[in-house]
1. Since Ala236 meets every condition but one in (1) at pLDDT below 95; (2) open to solvent by less than 20 Å² (accessible area, probe 1.4 Å), which condition does it not meet?
2. Please verify whether the stretch 136-145 includes one or more residues that are modelled with pLDDT of 95 or more, over 22 Å from Ala73 (Cβ atoms) and surrounded by 13 or more Cβ atoms within 10 Å (Cβ to Cβ).
3. Inspect the stretch 64-87 for any residue being under 24 Å from the mean Cα position of the chain (by Cα), of a type in the set (A, V, I, L, M, F, W, C) and assigned to a loop (DSSP other than H, G, I, E, B) and give the result as yes or no.
4. Considering only residues of the stretch 113-135 that are part of a strand (DSSP E or B) and touching a residue at least 60 places away in the same chain (Cβ under 8 Å), which is nearest to Glu76 (Cα to Cα)?
5. Being assigned to a loop (DSSP other than H, G, I, E, B) and open to solvent by 100 Å² or more (accessible area, probe 1.4 Å) is the filter here; which residues of the stretch 326-359 pass it?
6. May I ask you to list pairs of residues, at least six apart or on different chains, whose Cβ atoms are under 8 Å apart, with the first in the stretch 89-105 being within 15 Å of Val133 (Cβ to Cβ) and the second being open to solvent by 20 Å² or more (accessible area, probe 1.4 Å) and of a type in the set (A, V, I, L, M, F, W, C)?
7. Return the residues of the stretch 1-43 that are acidic (Asp, Glu), out of contact with any helix residue (DSSP H, G or I) (no Cβ under 9 Å at 6 or more places or on another chain) and under 19 Å from Trp58 (Cα atoms); say none if nothing qualifies.
8. Just name the residue that is most open to solvent (accessible area, probe 1.4 Å) out of those in the stretch 246-261 that are within 20 Å of Cys318 (Cβ to Cβ) and either aliphatic (A, V, I, L, M) or touching a Cys at 6+ places or on another chain (Cβ under 8 Å) (or both).
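The values are calculated or read from the model by the stated rules, or taken from the named source; none is laboratory data. The shown structure was predicted, so the numbers you read here are calculated from the model rather than taken from an experiment. All Cβ positions, even for glycine, are placed from backbone atoms using ideal geometry, and neighbour counts span all protein chains on display. These area figures cover heavy atoms from the full protein model, side chains too; ligands, DNA and RNA do not enter into them. Shrake-Rupley method; radii C 1.70, N 1.55, O 1.52, S 1.80 Å.
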Amino acid sequence: MISISLCMIVRDEEQVLDRCLRGASQVAEELIIVDTGSEDHTREIAGKYTEQVYEFPWEDDFSKARNFSFEKATKEYLLWLDADDVITEDSVQRLKELKETLPRKTDIVMMPYVTAFDPEGNALFFYDRERIVRNTEEYRFEGRVHEAIPLKGHIFYSSIPVEHRKSKNADGRRNLRIYRKMEQEGVKFQARELYYYGRELLNAGKFREGADKLECFLKREDAWRENQIDGTRQLAKCYERMGREEERLHALLRGLSFDVPRGETACELGRCFLERGELEQAAYWYHQALSAKKAVRAGAFIQEECYGYLPAISLCVCYDRMGEFEKAEAYNELAGKFQPYSQYYLQNRVYFQQRKEAHPV
């Protein structure tokens, strides 16, 4: 059986830290908590679980802080979490089983990171993260922000999820501030950093700058394919916000050059044509989304509803506007199989029933 050190960096996390540690402490033989400047009761809560609570001055560098926590660990493998992450009881049991059965040659364990949920608690958005790594110098974080451990060695893919359950809004300016600082320092950006810089600018409402950074990223030969595919969608959002519809469409079509259509891209293309009133083209792309395969093992960002509910409910709209009401109703019922609680699905059922009563066969 492998042994695990849990490694965390925290700051002002008194609302969620106990919740995180209740699950994580059941699967780790050692807990390393690194505080980067808390002004609440975070350290006291951490102290209930471990004596290994350290202080580390924050330097606008997530990798530096996380790697400090790794350096304090003594067990064979390292598990990293954020304070607002949750390992459910089911995942605790599955992780205990994984510790017994993990192939000894494993260097990295990839696990789904679920960051959005529907009203019934089902995963809406997830992607694989390098969650457990061998405790050697080879496996350390890189990047001041949106940090990651480069994938190498023997990689094991697990289906055990870690859930991200936020209780407060993060400082939305922090990441952008770090990237601005790096730029002022003359740092030569890696492709991944350009990608995330562009996303941060988009989120901050700086659409022109965001588009510029994403365009630069997409020209990089060292760019990772999954970032390229998502980068075209983020670029399309920038152009959409600027009202540049042709460039929005071209950005989405550009994403098709990297791989077969993903459900997320197909849905965006469908929406683009639907907003133009080009219903057949819109329906075509929504059908593509319904038949698309999720690139789970590729590390892609997976928006679950783009492979079921969203294209189905959108096809309902397309066919209704085309006057093909039986098809429209059928796709509404399909959408209901994916999200039976959806207000749009339920409202559409009433609409189709009323239409039948007003136009009996």
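1. (1)
2. yes
3. Checked the stretch 64-87: at least one residue is under 24 Å from the mean Cα position of the chain (by Cα), of a type in the set (A, V, I, L, M, F, W, C) and assigned to a loop (DSSP other than H, G, I, E, B).
4. First pass over the stretch 113-135, keeping only residues part of a strand (DSSP E or B): 113-117, 123-134.
When the remaining residues are screened for being touching a residue at least 60 places away in the same chain (Cβ under 8 Å), the result is 123-128, 132.
Details: Ala123: 31, Leu124: 33, Phe125: 31, Phe126: 27, Tyr127: 25, Asp128: 22, Ile132: 10 Å.
Per the criteria, the residue is Ile132.
5. So in the stretch 326-359, the residues assigned to a loop (DSSP other than H, G, I, E, B) come out as 339-342, 359.
Selection gives His359 alone.
6. Every condition considered, the pairs that remain are Lys99/Met1; Leu102/Phe156; Pro103/Phe156.
7. Those that are acidic (Asp, Glu), out of contact with any helix residue (DSSP H, G or I) (no Cβ under 9 Å at 6 or more places or on another chain) and under 19 Å from Trp58 (Cα atoms): Glu39, Asp40.
8. Leu253
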